[in-house]
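Contents: one structure, followed by commentary.
The values are calculated or read from the model by the stated rules, or taken from the named source; none is laboratory data. Predicted model only: the values in this text are computed from it and were never measured. For neighbour counting, all protein chains shown are included, and Cβ atoms are generated from backbone atoms with ideal geometry for every residue, glycine included.
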Amino acid sequence: MVHYFSSNFTLGILGGGQLGKMLLYETRKFDIKTSVLDPSKNAPCKIACDTFEVGDLMDFETVYNFGKKVDVLTFEIEHVNIDALESLEKEGITVYPSSNTLRNINDKITQKKFYQTHQIPTSSFQIFNSKDELIVAINKYEIRYPFVWKQSTGGYDGMGVCIVRNKEDLANVKDTPCIAEKLIPFVNELAVIVSRNPNGEVASYPVVEMEFHPEANQVEYVICPARIENNIAERAKKIAEKVSNAFEHVGLLAVELFQTEEGEILVNEVAPRPHNSGHFSIEGSLTNQFEQHIRAILNLPLGNTKSKIAAIMVNLVGEEGYTGDAYYKNLEQILSLEGVTPHIYGKKQTRPFRKMGHVTIVNNDISKARKIAELVKKTIKVINR
């Protein structure tokens, strides 16, 4: 058996952003040696890993050469060179989640077809190779307003997705392969974090409820537990675990879902890594999502995913109209509030809607936590100096 702790074993992480930084909290706790690759010399991970390298995550040689120096390779962002991961796997390097899992997820067209093949409920959609194809279909009334446009690759944090309600909205659509999804009238946006190790052991976190910013298409609040009926929560968890088993993923899989007005549960999309919808677990769960990811990819026993207390996560993003050196206005004020823990990601530069941190609010009463979360959101502002 491989000995991971206080040894020469090295875990490699592709991507050095906030998710990687929070993974490193756990590797340092366990004294697991780490190496990180990121394009930025000032990446948040730089301060906490054993070895840090600067390089292009989409470049085959860079990723391949980095991977040859580690024992297990994982990633905190999907935009990496998948061909390099596949080559490393063929040469005996353990990569989790696998290159095959990532191929099925990274392209939204492939992902939606995967759901169809595996009879996983999702919104109806049409595929287009270009903007011109999409416009032709609209003019022929083969697709009708409103619909959700998603570019097939490269979308992240609300980028590459928009609601097209009329002809004028087509100005926001790029000329790229895409899908057009039926706009679902939903009552809740939900998410489930599913963990799975190579032995096939599965453990899911409680269903959470997400509230989105109306303009930026980013999550503003994550509420755990979701304020839904138990039977809805059980169905959501069952579908999420079906998705996990279909992908045969190892590590964490964040499954985003819609609860429709008719009571259906539909899969929106997934992310094969620690996820914004799981940050509440740092303060709110017996085992946080980052420790769970480490346990899963190293084939260790999975931790208990039960909640210790109700928790709400508030994203801290750069204020509109501010770009430059980051300044966290009124941070001291929110520290005086009950059950509040801020997490600052270490990004030196702010810009509108850039994720700069998050704040978790815990309370035995979820309604009280939600009120405090609202106050936190109104109080703290990420601006420039």
- Query: Across region 10-37, what is the total count of residues that are in a helix (DSSP H, G or I) and β-branched (Val, Ile, Thr)?
  - Reply: 1
- Message: Name the single residue that is surrounded by the fewest Cβ atoms within 10 Å (Cβ to Cβ) among those in region 138-165 being farther than 21 Å from Pro352 by Cβ and touching a Phe, Trp or Tyr at 6+ places or on another chain (Cβ under 7 Å).
- Response: Arg165
- Query: Out of Lys90, Lys68, Lys112, which single residue is over 14 Å from Leu37 (Cβ atoms), of a type in the set (Lys, Arg) and surrounded by fewer than 20 Cβ atoms within 10 Å (Cβ to Cβ)?
  - Reply: Lys90
- Task: Go through region 126-165 and give me each residue that's among the hydroxyl-bearing types (Ser, Thr, Tyr), within 27 Å of Ile77 (Cα to Cα) and either free of Cβ contacts under 8 Å to residues at least 60 places away in the same chain or in the same structural domain as Pro352 (by TED's automatic domain parsing) (or both).
- Result: Ser130, Ser152, Thr153
- Query: Hey, does region 166-173 have a residue that's in contact (Cβ under 8 Å) with a residue 60 or more places away in the chain, of a type in the set (S, T, N, Q) and surrounded by fewer than 16 Cβ atoms within 10 Å (Cβ to Cβ)?
  - Reply: no
- Could you please let me know if Ile380 is touching a residue at least 60 places away in the same chain (Cβ under 8 Å), surrounded by 18 or more Cβ atoms within 10 Å (Cβ to Cβ) and more than 23 Å from the chain's Cα centre (by Cα)? yes
- Query: If Ser40 passes every condition in (1) out of contact with any Phe, Trp or Tyr (no Cβ under 8 Å at 6 or more places or on another chain); (2) closer than 29 Å to Asn199 by Cβ; (3) assigned to a loop (DSSP other than H, G, I, E, B) but one, which one does it miss?
  - Reply: (2)
- Query: Taking region 101-154 as the region of interest, how many residues are part of a loop (DSSP other than H, G, I, E, B), within 24 Å of Arg165 (Cβ to Cβ) and among the hydrophobic types (A, V, I, L, M, F, W, C)?
  - Reply: 1
- Please verify whether region 117-131 includes one or more residues that are more than 22 Å from Glu264 (Cβ to Cβ) and either charged (D, E, K, R) or surrounded by 16 or more Cβ atoms within 10 Å (Cβ to Cβ) (or both). yes
- Message: I'm told Thr341 meets every condition in (1) out of contact with any strand residue (DSSP E or B) (no Cβ under 8 Å at 6 or more places or on another chain); (2) farther than 30 Å from Ile120 by Cβ; (3) hydroxyl-bearing (Ser, Thr, Tyr) except one. Can you identify the failing condition by its number?
- Response: (1)
- Message: Among the residues in region 171-180, are any in a helix (DSSP H, G or I) and at pLDDT below 95?
- Response: yes
- Taking Ile193, is it in a helix (DSSP H, G or I), touching a strand residue (DSSP E or B) at 6+ places or on another chain (Cβ under 8 Å) and in contact (Cβ under 8 Å) with a residue 12 or more places away in the chain? no
- Item | Failed criterion for Arg28 (all others in (1) free of Cβ contacts under 8 Å to residues at least 12 places away in the same chain; (2) basic (Lys, Arg); (3) surrounded by fewer than 14 Cβ atoms within 10 Å (Cβ to Cβ) hold) | (1)
- Elements of type strands (runs of 3 or more DSSP E) contained in region 205-286, each with 3 or more residues being more than 25 Å from Leu316 (Cβ to Cβ) and not assigned by TED's automatic domain parsing to the domain that holds Lys21: 251-260, 265-271
